[in-house]
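To start, the structure itself, in structure tokens.
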Amino acid sequence: MAHTHMHAIPFTCQALSDQDLPASKFDKEFRQSVNFDDLENAALAENKTFNLDEWKRKFLKELTSFFEQISEKWPYKTHEKRCRDFNYHADYTMNLISLLKVKGPHGKMVHIHKDNINSIKEQINRLFKKYDKFECAREEKRYTLQSPLRKDLDNFCENRDHLAECVTSKKQNCKRLVNFVNSKYYDLFSYDTCIVDSDTTDGKLLHISNNCSLYDIPKTFSYPACDNFEIPERIQSIPYCPMENLSLFSQLAAFVSDYISYIPNLAQIRRSVVYICLIILGISIPFLILYRVKKK
């Protein structure tokens, strides 16, 4: 009788690029399924043709599908992370909707009424419950400057752990894991890096677990499964940026997410605000939150 090879490499370990890794793949599939690009584009520019009711119906339908059917295919160990993903996307969705403008009286573009926003929020929140094979409680958080970076960190750790599981007893696949971890580290950090953290009321927002935290970088950016590879020197943690070291733009960007709706003459400075919003909404987050202090 032929024996099963105990160290066969799973198909999921044959990912060709970082976008094929579990966290990246899930986010891409979910974003595409709900047409997130349409909502983002409408929130960052006045789009008179965007239909929020239609988009909302699709979002709720797809979210329900992920909760009820698609989740049945997921390994149980991924459920906690997927629940955090859904909570992040719900917070992000409500943040975008709060930025939207729709046609008001006499065709004037106005922000959506608070009651309508709360109604959408309640509809989304009701979907977070226990299903047959998946349970996810709604943990509503205010979407802030740190939210996209926390999500990026969470994704990195999931992908890192997946690659670590692909390492065989003969250290096969180590190079992929080592390159992935080191590449991410060098993309984000240096000795003159600090965190722009304008709100710490929720505690350490950039700490997810003991081995997934920007407050313990050596442990987070390591690969114990590949102890035959030397880990380069790491900074221990990232300090908070002294405000005097930040440019005026960086100081504005650190707080604009909280006050974007109250900026006077918003229409006149829309181009600048859209650029800032793009950063806040996660398109260039590492360059903003992980600010590199200018050397004198």
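For this structure, a couple of remarks:
Residue-by-condition table, conditions (1) within 24 Å of Glu62 (Cβ to Cβ); (2) outside the structural domain of Leu214 (by TED's automatic domain parsing); (3) surrounded by 19 or more Cβ atoms within 10 Å (Cβ to Cβ):
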| position | (1), (2), (3) |
| --- | --- |
| Lys103 | no, yes, no |
| Asp132 | yes, yes, no |
| Arg138 | yes, yes, no |
| Phe156 | no, no, yes |
| Lys171 | no, no, no |
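- Hits in the range 158-175 - residues which are under 14 Å from Asp227 (Cα atoms) and out of contact with any Pro (no Cβ under 9 Å at 6 or more places or on another chain): Val167, Thr168, Ser169, Lys170, Lys171, Gln172, Asn173, Cys174, Lys175
- Taken together, the residues in the range 105-142 that are modelled with pLDDT of 95 or more and among the small types (Gly, Ala, Ser) amount to 2.
So that you can scan it fast, the table gives a plain yes or no per residue for (1) surrounded by 13 or more Cβ atoms within 10 Å (Cβ to Cβ); (2) in the same structural domain as Val167 (by TED's automatic domain parsing); (3) modelled with pLDDT under 85:
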| position | (1), (2), (3) |
| --- | --- |
| Met6 | no, no, yes |
| Asp37 | no, no, no |
| Ala43 | yes, no, no |
| Asn47 | yes, no, yes |
| Trp55 | yes, no, no |
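- One residue stands out in the range 202-233 among those that are modelled with pLDDT under 80 and in contact with a Lys or Arg (Cβ under 9 Å, 6 or more places away or on another chain): the one that is surrounded by the most Cβ atoms within 10 Å (Cβ to Cβ), namely Leu205.
- The single condition among (1) assigned to a loop (DSSP other than H, G, I, E, B); (2) closer than 13 Å to Leu63 by Cα that Arg82 does not meet is (1).
- Matching residues in the range 105-129 - criterion: being among the basic types (Lys, Arg) and surrounded by fewer than 11 Cβ atoms within 10 Å (Cβ to Cβ): Lys108, Lys114, Arg126
The values are calculated or read from the model by the stated rules, or taken from the named source; none is laboratory data. No experiment lies behind these values; they were computed from the predicted model shown. For neighbour counting, all protein chains shown are included, and Cβ atoms are generated from backbone atoms with ideal geometry for every residue, glycine included.
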